[in-house]
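All remarks here apply to the structure that follows.
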Amino acid sequence: MGTTINPLGKDIITVSTELCGKTLSLEVGRVGFRTSASVLVRYGDTVVLGTAMVSNKSLQGFDYFPLSIDYEEKMYAAGKISGSRFIKREGRPSDDAILIGRLIDRPIRPLWPKGYRHEAQGVASVLSMDPNFRPDMIAMIALSAAFMLTGAPFDGPVAGLRVGLVDGKYTAFATPQQLDEGDLDLVVAGTKDGVMMVEAGASEVTEEQVAEAIAYAFEAMQPAIALQAELAQKVGVTKQEYSLELPNADIQAEIDAWVEGRLGEDLRKPYPERNVLVANLKEEMQQAMAAKHENYAANTNTYDEAFQSAVHKDVRKGILEDNVRPDGRALTEIRTLSSEVSLLPRAHGSSLFTRGMTQALNIVTLAPLSFNQVVDTMEKEGERRYFHHYNAPGYTVGEVRRLGSPGRREIGHGYLAERAITAVLPSEAEFPYAIRSVTEIMSQNGSTSMAATCSSVLALLDAGVPLKALVSGIAMGLMVDGDKEIVLSDIADAEDFAGDMDFKVTGTSKGITALQMDMKVHGLPVETLKKALVQGKDGRAHILEHMLTTISKPGQMSPYAPRVESIQINPDKIREIIGKGGETIQRITAETNTQIDIKDDGTVMIASPDGESIAAAKAWILGITEDPEVGKIYTGRPVKTVMDFGAFVEIMPGKDGLVHVSEMSNERVGHPSDVVKEGDLVDVKLLGIDERGRLQLSMRAAKEETKEA
């Protein structure tokens, strides 16, 4: 046990409150003496250390806020050692850890002032994990509390809750099993004033249910927000001195005056025409400013930022005052849609989905279940059968970029599209395949994750995957000016950059399957989010109607895709199929040219390029696992051994029976070798099984019964 002494001579401060039926405690002063701030958060048996580092100096030359948020999984927190044979130490974060890092980042990042350029880092380390609930929301509280104590201009606190639908009731901190088996897995983050972020996976729930769950979570998280404020007050935070890198007011005023009369209606053209007009206008501005100012070259970035700010203001003005979007569309109008399937001859399934200038090529690959991805993280161990990967190189936005491994954005977009479709996938029993879906973005102009969702659905159907329903997705936007709120359907880049919310929703004709909302303003009321959900439903329906004209049901499987069939056997028979040292299963796969996977519940998956091989392997396995049936005739069975008193015949793999010399023929047989020899194929009837399990066979009875038939 013992005690901890703070070497800085400060007291250990602890505050606590009740949160959803358990005690939530925040503690400062026990660990992390050299951080800007560190907080130990405990909820049940889950303990998370949130550390924050904020630089005292503003970085020069940065045009963005250098904030990084990381979530650290520690295997020891779950009492586990990595299952990898070679690597036992934590290394590159898992996809789950990256996604949770993004989840925490999204409600925290908008709460810093524009122009703040101090380098900031938040690290959430899970030290102990209660397996009855996921620790990610405790990590979000830990980092929010740590940033509150740094004295930096963080306009928190923030808290989050993960909510499930258990027995028809909204439940915070639901167990992983309840989340997997339930119809809703929803994360909501917010401040005391409004919702900052929403993310969900669902099984066709209604817009009303999602809105109710958001409202429930927002109210339930308030004690955690109040507790952070209480901690900051007890600690006595010293405010940081800082300066903001804001656009030069004189330059901004000059650019605003220069673009007067050049923006507005003249630029409200469809993409890509609008993009060309904006690019030409920017070049004209650069030439005009270079001719006017001798020091223009030293301030190029400042002028470019001022021009972009003027364009954003024009976008907002057009929508809020004139109800006209940058490309001339109505507020609920969807861009032009087109799609096709089967465009790649050797792929198992392929599609190309285009919405305006956003385009996604999707490729689906099928494989036996042995190709499932092994998952071994702090929270999970098992397999993933379906995985969606998303790629968006620099050329998709007209830029030169170095190619590399996928970043957090690519992983996040791929996961959103994967989550959107998971609810409609067939079960392993219905479709025993591992499924990889890859979206190659061809062109970006807003909402590529939703294009990835739509193109993936089309490619899955093209590959012959029997989806339970088609899923479509749409990105919604929001412009807020005082009490005026305008929701936009199918936002493009210009509206995303100038808007106050980015909201993506996917679903079937019955309900929502995935959701992601990010607010750029400091919190929104639930009623506003509900309005966006309802409007999004109409947009999804429009896109779904188009998709159905391209492909509406699973197509024929590609001749290049493996064929997989499954059979169910008695789990007690698995060892007989495998054989001593794997001898039997190796012989089956080698002689039938198949691949065989066996699950503990007795499900056997047989994969091969052709049906004859599968049939041969299936017959072999059924022969091994089948119990001998008295009275049944077994045809074409090999004679294994000839003895003086009869012959042993193998009626099924590993099961021999004796045909006594008296049962070989109706006529007298002098010696069994006069009738059969080893390797002959004969028909026999099983007469009986004695108390020792020995099989009594008859060639004579089989012949007589066959003759009568």
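Here, each number is a calculation from the coordinates, and none is a lab measurement. Just so you know, these numbers come straight off a predicted model, no measurement behind them. Backbone-built Cβ (ideal geometry, glycine too); neighbour counts: all protein chains shown.
Along region 52-61 the Karplus relation, 6.51 cos²θ - 1.76 cosθ + 1.60 evaluated at θ = phi - 60°, assigns HN-Hα couplings of 10, 10, 10, 5, 7, 10, 7, 7, 8, x Hz to successive residues, with x for each Gly and Pro.
Per residue, the average separation of C-alpha pairs within less than 8 Å and at least 6 apart gives the chain a relative contact order of 10 percent. Convex hull of alpha carbon positions in region 377-453: directionally averaged projected area 6.4 nm².
With an a/c value of 1.5 or above and a/b not larger than b/c for the gyration tensor axes a ≥ b ≥ c computed over the alpha-carbon atoms, region 563-625 is described as oblate.
For LEU478, the amide hydrogen comes within under 5 Å of the amide hydrogens of LEU488, ASP500, MET501, counting only partners 5 or more places away or on other chains and with H modelled in the peptide plane. Between the Cα long axis of helix 408-422 and the first principal axis of the chain there is an angle of about 50°, rounded to the nearest 10.
Across every direction, the projection of the convex hull enclosing the Cα atoms of region 44-129 has a mean area of 7.4 nm².
At 1.002 mPa s and 20 °C, plugging the Kirkwood radius over alpha-carbon pairs of region 257-322 into Stokes-Einstein gives what diffusion coefficient in µm²/s? Working shown, then result.
On the way: Rh = 12.7 Å.
Using the Kirkwood radius from Cα pairs, D works out to 169 µm²/s.
Distance between the C-alpha centres of region 126-163 and region 594-664: 61 Å, rounded to the whole angstrom. Projected over every direction and averaged, the convex hull enclosing the alpha-carbon atoms of region 314-455 yields 11.8 nm².
Return HIS671, HIS293 ranked ascending by Cβ neighbour count within 10 Å, so the fewest neighbours appear first.
Arranged by neighbour count, lowest to highest, HIS671, HIS293 become HIS671, HIS293.
When you work out D = kT/(6 pi eta Rh) for region 327-390 at 20 °C and 1.002 mPa s, using the Kirkwood radius from C-alpha pairs as Rh and the Stokes-Einstein form, the result is 142 µm²/s.
How much mean residue ellipticity at 222 nm does the chain get from its helices, if each DSSP H run of length 4 or more adds -39500 (n - 2.57) and you divide by all residues, to the nearest 500 deg cm²/dmol? Walk me through the intermediate numbers first.
Working: 16 runs with 217 residues, N = 709.
-10000 deg cm²/dmol, from helical runs alone.
Between the listed residues GLN568, MET699, THR603, the Cα displaced farthest toward the positive end of the dipole of region 558-709, a dipole computed from Cβ unit charges relative to the Cα centre, is found at MET699. Between helix 136-149 and the chain there is an angle of about 20 degrees, using the helix long axis and the longest principal axis of the Cα atoms.
Close Lys pairs in region 337-550 (alpha-carbon distance under 14 Å; sequence gap of 8 or more, or different chains): 6. Summing Lys and Arg as +1 and Asp and Glu as -1 over all other residues whose Cβ lies under 13 Å from the Cβ of ALA253 gives a net charge of -3.
Taken over the Cα atoms of region 60-183, the convex hull encloses 142 Å³ per residue.
Can you pull the semi-axes for region 1-59, root of five times each eigenvalue of the Cα gyration tensor, sorted largest first, whole Å? Could the numbers behind the result be given before it?
Numbers: eigenvalues 115, 57, 17 Å².
Semi-axis lengths for region 1-59 are 24, 17, 9 Å.
Across region 410-536 the C-alpha pair distances fall into 10 Å bins from zero in the proportions 12, 41, 30, 13, 4, 0 percent.
The ratio of the alpha-carbon radius of gyration of region 163-259 to the globular-protein estimate 2.2 N^0.38 Å is 1.68. The HN-Hα couplings worked out from phi for region 169-186 by the Karplus form 6.51 cos²θ - 1.76 cosθ + 1.60 (θ = phi - 60°) are 10, 6, 10, 7, 6, 5, 6, x, 5, 5, 5, 5, 8, x, 8, 8, 10, 10 Hz, whole numbers, x standing for Gly and Pro. Relative to the longest principal axis of the chain, what angle (0 to 90°, nearest 10) does the C-alpha long axis of helix 222-235 take? For 222-235 against the chain, the angle is about 50 degrees.
From the gyration tensor of the Cα coordinates in the chain, what semi-axes in whole Å does the equivalent ellipsoid have, largest first, with each one equal to sqrt(5λ)? Numbers along the way, then the final one.
Values: eigenvalues 793, 221, 91 Å².
Result for the chain: semi-axes of 63, 33, 21 Å.
Using C-alpha pairs under 8 Å with a sequence gap of at least 6, the mean separation divided by the residue count of region 431-512 gives a relative contact order of 29 percent.
The residues neighbouring ARG401, those whose beta-carbon lies less than 14 Å from its own, together hold a net charge of 0 under the Lys/Arg +1, Asp/Glu -1 convention.
Note on region 13-235: dipole from Cβ charges, positive end direction compared against SER55, MET197, VAL15; the farthest Cα belongs to SER55.
Taking the centroid of alpha carbons for each part, region 261-319 and region 344-385 are 40 Å apart. Over region 483-587, all Cα pairs binned in 5 Å intervals from 0 give whole-percent P(r) values of 2, 8, 13, 13, 10, 8, 7, 6, 7, 8, 6, 6, 5, 1, 0, 0, listed from short to long. Its alpha carbons give region 337-550 an Rg and a Dmax of 17.4, 56 Å. Each residue of region 278-291 was assigned a 3J(HN,Hα) from its phi angle through the Karplus expression (A = 6.51, B = -1.76, C = 1.60, θ = phi - 60°), giving 5, 4, 5, 5, 5, 5, 5, 4, 4, 5, 5, 6, 5, 6 Hz with x at Gly and Pro.
In this structure, the amide hydrogen of SER128, modeled 1.01 Å from its nitrogen in the peptide plane, lies closer than 5 angstrom to those of VAL47, counting only residues at least 5 positions away or on a different chain.
Our summary gives region 563-625 a relative contact order of 43 percent, counting only alpha carbon pairs under 8 angstrom and 6 or more residues apart. Near GLU383, the amide H atoms lying under 5 Å from its own belong to VAL375; only residues 5 or more places off or on other chains count, and H is placed 1.01 Å from N.
Take peptides 546-555, 656-665, 182-191 and line them up by average Cβ neighbours within 10 Å, highest first, as a rough protection proxy.
Numbers: 546-555: 15.0, 656-665: 19.6, 182-191: 23.8.
The packing order, highest mean first, is 182-191, 656-665, 546-555.
Pairwise alpha-carbon distances in region 13-235 exceed 30 Å for 23% of all pairs.
If Lys and Arg each add +1 and Asp and Glu each add -1, what is the summed charge of the other residues whose beta carbon sits under 13 Å from the beta carbon of SER55?
Working: positive: LYS57, ARG117; negative: GLU119, GLU241.
Residues near SER55 contribute 0 overall.
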